[in-house]
1. How do the pairs read when you match residues in region 70-88 that are under 11 Å from Phe37 (Cβ atoms) with residues anywhere that are open to solvent by less than 10 Å² (accessible area, probe 1.4 Å) and of a type in the set (Gly, Ala, Ser), using Cβ under 9 Å and keeping only pairs 6 or more apart or on different chains?
2. Just the residues that are of a type in the set (Val, Ile, Thr) and assigned to a loop (DSSP other than H, G, I, E, B), please, taken from region 142-166.
3. Any residue in region 38-55 that is more than 22 Å from Glu77 (Cα to Cα) sitting within a Cβ distance under 9 Å of a residue that is open to solvent by 70 Å² or more (accessible area, probe 1.4 Å) and assigned to a loop (DSSP other than H, G, I, E, B)? List the pairs, counting only those 6 or more apart or interchain.
4. Open to solvent by less than 70 Å² (accessible area, probe 1.4 Å), in a strand (DSSP E or B) and not acidic (Asp, Glu): does that describe Ala169?
Amino acid sequence: MKDLGRATNCVGIRITYNQNSICLDQSTYIAEVLKRFGMADSKPVSTPSDVNQKLSMNATSNNEEDENITGKVPYQELVGCLLFIAQGTRPDIAFAVNDVSRFNQNHRAIHWKAVKRILRYLQGTIGCKLRYSKNGNQDLVGYTDSDWASDIDKRRSCSGNFFKLSGGAVSWYSKRQQTVALSTTEAEYMAWNRFG
């Protein structure tokens, strides 16, 4: 065995140190993904998804966005890259990536536009990092929440959670609930009950 010193890179995640904290980021990988999918010069946006738009299997409009583009664009490849980023160091895109991943088998132009919006968001936030501080709160703090029936096709709600330790996120997820909630209270209870 050989001591190579402190880790600086692990599975595409860059690790940086200073006197009181450790930071994790995927800025190099994100830059590579932006370049690979032709979005390196894209205009940044402030949110990963458009809150005024609900994606569905039967997304329709009065223009070319009605077109089914399954197999014509590298949709699954890009969603896979975004899943790796969301699970690695970017809890801020977890919900948006979960939303677009539902259309891997049948995507339209409107879904492709939503996936590219996530890239535009990453373009503007490429320097974001997870920071774990030596002096941060050593208590494990968790948050959980749910919407109600945001999945237009199956009427299922989406749950999410976020756990923090030493000032940085250590666990997070965004997932469709397995059954249909009949009220917001039931959706919230189902989200909480998974970890309660």
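The values are calculated or read from the model by the stated rules, or taken from the named source; none is laboratory data. These figures come from a predicted structure and were not determined experimentally. Please note: Cβ atoms are built from the backbone with ideal geometry, for glycine as well, and neighbour counts cover all protein chains shown. Surface areas here come from the heavy atoms of the whole protein model, side chains and all, with no ligands, DNA or RNA. Shrake-Rupley method; radii C 1.70, N 1.55, O 1.52, S 1.80 Å.
1. Listed pairs, sorted by first residue: Leu82/Ala96.
2. Within region 142-166, Ile152 is the sole residue that qualifies.
3. Every condition considered, the pairs that remain are Lys54/Ile152.
4. Criteria met by Ala169.
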